[in-house]
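Below are the structure tokens for one structure; questions will follow.
We did not get these values from a lab; they are worked out from the coordinates using the rules stated. A quick note: this is a predicted structure, and the numbers were derived from the prediction, not measured. Don't worry about glycine lacking a Cβ; one is built from the backbone with ideal geometry, like all the others, and counts go over all protein chains shown.
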Amino acid sequence: MSESSSTHVDPEDTINILVATDIHLGFDYSKKRGGHSDDSFITFEEILKYGKDNEVDFILLGGDLFHDTKPTQTALLKCVELLRKYCLGTRECNLEFLSDSELVFRHCAQKHVNYEDPNLNVSMPIFTIHGNHDDPSFGTVGSIDILSATGLVNYFGKWTDLTRVVIPPIILKKRNTHVALYGLSYINDQRLSRLYRDEKVELLRAKDIETFNIFVLHQNRVKHSDYAYVQENKLHNFLNLVIWGHEHECRISPEYSAEGGYYISQPGSSIATSLCEGESKPKHVGLLKINKNNFKMKNLRLKSVRPYIFDNMILSDHDIKIQDCISLSDSVRQYVDRYIENELMPKVAEQLTGYPNQPSQPLIRLRIFYNDDNEQFDTLSLAQKYCDEVANPMEMIIFRKIKAGEKAKRAFNDEIDDLDDITELFQADIGQDWNSTVPGGIKKYFDKEGNKDKLTVLTVAGLNEALNRYVDRGDTDAFKNIVRDQMKRTIEYVKTQNSEKPEDIRKEIKNFRDKRLSEEQQEQSNVLRALNNPTQTSLETVKQSRNVDVINDSDDSDQDLNPTSSTKTRGRGRGSRGGRGSRGSRGNRGGGKTNEKNTSIAKILSSRRTPSKRGYVVIDDSD
């Protein structure tokens, strides 16, 4: 196997693949940075155009097609429109599909490759795994599932068994060239790292045919903590090429791993989703050509990407003159203003390509390293000055203090500026490397004897898993769903204890908390159930399970978990229909006493709320 452009090859034997990862459709659609919501779709269309213009056999995506776990209907619609425009047509697909489609697409509604569907004319197939941003979670439906059901993409590599990973390949043939395509969608990095250490990740191999083996994954490549990444030299050594998604810095040119014996290509993200230095490097996708065991990768520059200028300024390296009657901070501000105007803004023109609809307003990030606190200044005035020229005026400047004895050059690599850069700090398993992660800090805090009773209804496991979902997948409902579920379970437990006095109810709430803490695995299972199947803990379910009318009927209000609603609402709080003082209670014929007890429980809880027709290739599973 080699990466060579000089070897003579027969084009009829060559499989052409367009490779891209981390497209993040829908990013910024909420107008976070100036309302430039079309950036990701403009670039995605350029990627599809590259595929069509080069007449590739298929497009291979490495996860995070969407930016949100639950993309907006507008984002989903725009994606479908682009896929129909560029991927459907009369051009013949010359790939033979030799795998057992029932096996490789077992998690999909349509268990066959889309270009063999008699109801579709697919001219440019797309094969994709999912990433952490579009992770559907266990047992639930995600955006890629929907696209797969429409027949517009081929979704592979979805895995839900965390005790062992066994990956069958998709075997694609074009005359004398066979490609074995292995995919592993996003799994928590620490869990996957443990599976690799325990040798529980298995890639099945085809018998009796020679294949070019590609592995597509979406995981941390950079070490964030001891086990929160996948070591690039620990993958299976029979692989020829690894397509590494999730990391946003573009390192698309294949790099040889001497230990692994394979090449690694890291395409990086198609657009900038954070203001870190790695995102400022030119964005590319790859045109991969495979002929038997030889391959070459051609880098294709993305010309539609918004200009992004990143720079570091060490104030001590600049001759900043302090003018009379002007403070040090004002002198620094004036110097920085001139630097942005004379040094950074002229660089924007170099990144303007003339591509149709390329956004012209740039992203600017100037990271300033200072020694004296008096060198800092209020950045609002500069934000106001550049608000019509820059897409991120409020985020242009970030200050970093150089600690005593620290070299600024070293600080460049140590600083973490943006949310996407710290995502992996939230990815931790209970009992594993806790102290080096944010969840570890939370657990350590609440494990202290003096802080133990600060959480009585919500458990640390629930809090951390919701936090992980919110940061890692953008699940804005995670906290609401876990609070709702744990309140419901607590109320159900306390109701069985026949406690009526407030102090006894509080005691039973703590007892139930301690019971859940002692049953760690069961609690984690309950947490995952609540977050993966939130509809099972809907308001109606909560009402029925409580057998008590204490929740306001308005589902879209913050009042939905507040059992002390005023009698003026349409809800069922005290004094309203079914509450204490009414003639009866629907669903609770025991009368006012039981209802009063349930209302007491709910009051105590509310006071503690926390924010083909041919034969298949035979697969060898004995390797």
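Give, in nm to one decimal, the length gained when the segment between residue 10 and residue 385 is fully stretched (0.36 nm per residue of separation minus the Cα-Cα distance).
129.2 nm
Now for a separate question. Hey, rough spin-label estimate for residue 477 and residue 163, points 7 angstrom out along Cα→Cβ, what's it come to in nanometres?
In this crude label model, residue 477 to residue 163 measures out at 3.0 nm.
What residues of region 149-189 lie in the reach of a label at residue 521, counting those whose backbone N is under 13 Å from a point 7 Å from the Cα along Cα→Cβ?
Correct set: 163.
Taking the Cα centre of each part, how many Å lie between region 223-302 and region 54-130?
Between the Cα centres of region 223-302 and region 54-130 lies a distance of 22 Å.
As a test of understanding, state the convex hull volume per residue of region 273-343 from its alpha carbons, in Å³.
Residue-normalised Cα hull volume stands at 145 Å³.
If I stretch the segment between residue 353 and residue 323 completely, what's the gain in nm (0.36 nm per residue apart, minus their alpha carbon distance), one decimal?
Value of the extension gain: 6.7 nm.
So what's region 283-407 giving for Cα Rg divided by 2.2 N^0.38 Å, two decimals?
Normalised by 2.2 N^0.38 Å, the Cα Rg of region 283-407 equals 1.42.
Additional query: Set the Förster distance to 30 Å, then compute FRET efficiency between residue 399 and residue 222 from the Cβ-Cβ distance, nearest 0.05.
Plugging the Cβ-Cβ distance into 1/(1 + (r/R0)^6) gives 0.80.
Would region 2-305 count as rounded, prolate or oblate if I go by the C-alpha gyration tensor, calling it rounded below 1.5 in a/c and otherwise prolate when a/b exceeds b/c, oblate otherwise?
In terms of gyration-tensor shape, rounded.
While we're on this one: My understanding is that a pair violates if its Cα-Cα distance is over 21 Å; which of 443/510; 49/303; 49/298; 296/347; 200/289; 495/515 do that in this structure?
Table pairs above 21 Å Cα-Cα are 296/347; 200/289.
A further question on this structure: Measuring from label point to label point, each 7 Å out along Cα→Cβ, what is the residue 54 to residue 374 span in nm?
Output for this residue pair reads 5.7 nm.
Pairwise over distinct Cα atoms, reciprocal of the mean inverse distance: report the Kirkwood radius of region 201-250 in Å, one decimal place.
12.6
Expressed in nm to one decimal, what extension gain is obtained for the pair residue 121 and residue 528 from 0.36 nm per residue of sequence separation less their Cα-Cα distance?
Once the chain is fully extended between residue 121 and residue 528, it gains 142.5 nm.
Let me ask you something else. Taking 7 Å along the Cα-to-C-beta vector as the label spot, tell me the residue 231-residue 38 distance in nanometres, rounded to one decimal.
It is 4.9 nm.
So, one more: I need the calculated FRET efficiency for the pair residue 210 and residue 334, taking r as the beta carbon distance and R₀ as 45 Å, to the nearest 0.05.
0.10
Another question, then. In square nanometres, what is one fourth of the surface area of the convex hull spanned by the alpha carbons of region 227-284?
For region 227-284, the mean projected area of the Cα convex hull comes to 4.4 nm².
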